[in-house]
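Asker: Okay, handing you the structure first.
The values are calculated or read from the model by the stated rules, or taken from the named source; none is laboratory data. Quick caveat: nothing in here was measured; it's all calculated off a predicted structure. All Cβ positions, even for glycine, are placed from backbone atoms using ideal geometry, and neighbour counts span all protein chains on display. Calculation scope for accessible area: heavy atoms of the full protein, side chains included, ligands and nucleic acids excluded. Shrake-Rupley method; radii C 1.70, N 1.55, O 1.52, S 1.80 Å.
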Amino acid sequence: MMIEEERGDVQEQKPVVSNLPTSSTALPSGGKNTMIGFDEQLLRVMDELTRDESNLQILPLVGMGGTEYSVHEILVRLLSDGKDEEVSETSTKLGEQLYKNLFGQRYLIVMDDVWSIEAWDALKLFFPNNRNGSRVMMTTRLLNVADSLGSQKPYLMDLLDEDKSWNLFCHKAFAQEGCPYPELEEIGKDIAKACRGLPLTIVVIGGLLANSNMEQEYWQYVAKNVSTFANSEDNEHCLKILTLSYNNLPIYLKPCFLYMRVFREDAEIEVSKLTKLWIGEGFVKPARGKTLEEVAKEYLKKLVNGHEGGNSKANDLLLKNIAFPSSLKKLDLCECKVPWEDMTIIGSLPNLEVLILRSYASRGSEWNPIEGQFPRLKILMLWQNNLVYWRAENIHFLNLEKLFLNNMRDLEEIPSGIGDIATLRLIEVYYCSESIVNSAMQILEEQQSNGNEDLEVRVYEFRYDS
């Protein structure tokens, strides 16, 4: 997500479009991001953004999605230069502040993956039409959403053709144009073709093979695996490719990679800090003639395909989908600050029965569960986090039996719909605010008045609001 603002009288300013190079002769594997195969689309999008139209224009781009955000989180990031900060204000208050900040300015806002019409309806009121050439550009994976979003016809991002796919693959796998290993060229072209024109999968597989010592047997193994994904949907296809790259990591690198989930999505992480954390966790093994810090940096170099920089960004899509096995029945998280919107990953675990979130295991002020998730969850414990608004109803935790709240200082109340869960037998409240205690007792009274004598509420030393 990005905001660019321009103050002053800009009515007479003319847009400027620079010609971009259409190819690069060399790109070190894992180096700076380079656009390959989308040069024409880039120029067409820039033309749409800079054409002579003073009214606010909304430009949707349809293609592979990125990461979904809640409306509240989008507003927070727009107001804090893209940073993800803890904010207790409501979405309405944040939206009003955004409108004031943008009013009278020329702005460009880029949002990744607008996932529903409702989400856009909640946001569009806060983007003023200053009649000075302001633009909002957004990506979405859903064409029906795109049709309803913009003031312009949705722009469809094409997949890469075979030639462009092979070009991108070579840049990632060999750091040059073309294949320098004749015995690998035919296999490589089969792999690039099996990626179905999806840039993300080509980049991931190319990066994986760049570190393969160029052994023909291993390339054939990868080609066989990639070809088995051919009938998958695009999102599932990408996930399987990403999982393949994870499965082929050396065993000593896997805990280092999974540890990245401790950091918030898109966080910039200092290399020195990350390596010290890995060492502290015991992930880094001693090597003769090298310090642990040197070994840790080698680990990081391998994880990011040889790129040594001042910071590293986690591959969030992969981390979200492989960190928890589907057979998991009990999950106890502590101090890992998982954003509430990412609880959909945990909620998708089909066999999870016990979930404990303690000592800031989660991050954010609002939790909006999704219907049909947590299908077998029986016990839920929320213990000391910054949750303020919990938008839960009886449809969200269909088999919940016990709810424990401990030291939840900011939570306004227990949602009344929780009491309507047919299987619920116990609510226990420890060291929480008086408003939480009152909401628990109100739920009990409502259930008793409806003939439910099975629910029990226990309160232990609640803390009065100051």
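Asker: Once you have the alpha carbon radius of gyration of the range 386-437, what is it after dividing by 2.2 N^0.38 Å, with N set to its residue count? Walk me through the numbers before you get to the answer.
Answerer: Working: Rg = 10.8 Å, N = 52, 2.2 N^0.38 = 9.9 Å.
Against the empirical 2.2 N^0.38 Å value, I get 1.09 for the range 386-437.
Asker: Can you grab the distance from the C-alpha centre of the range 173-194 to the C-alpha centre of the range 425-443, Å, no decimals?
Answerer: 62 Å
Asker: Using a 1.4 angstrom probe on the protein heavy atoms only, line up TYR181, TYR218, TYR389 by accessible area, largest first.
Answerer: So the residues, ranked largest to smallest area, are TYR181, TYR218, TYR389.
Asker: If you don't mind, another one. Restricting to Cα atoms and excluding each atom paired with itself, what does the Kirkwood estimate give for the range 327-438 in Å?
Answerer: 13.8 Å
Asker: A further question follows. Could you order SER54, SER80 so the one with the most accessible surface comes first? Probe is 1.4 Å.
Answerer: In descending accessible area the options line up as SER54, SER80.
Asker: List the GluC sites (Glu not before Pro) within the range 361-400 that fall in a DSSP loop (any state other than H, G, I, E or B) and whose Cβ has at most 12 other Cβ atoms within 10 Å.
Answerer: Counting only loop positions with at most 12 other Cβ atoms within 10 Å, the GluC sites (Glu not before Pro) in the range 361-400 are GLU371.
Asker: Could you compute how much accessible surface LYS276 exposes when probed at 1.4 Å, giving the result in Å² to the nearest 10?
Answerer: Its accessible surface works out to 140 Å², give or take rounding.
Asker: Mind grabbing the accessible area of HIS72 for me, 1.4 Å probe, Å², rounded to tens?
Answerer: 20 Å²
Asker: Going from most exposed to least, what order do CYS170, CYS179 have by accessible area with a 1.4 Å probe?
Answerer: These residues rank, largest area first, as CYS179, CYS170.
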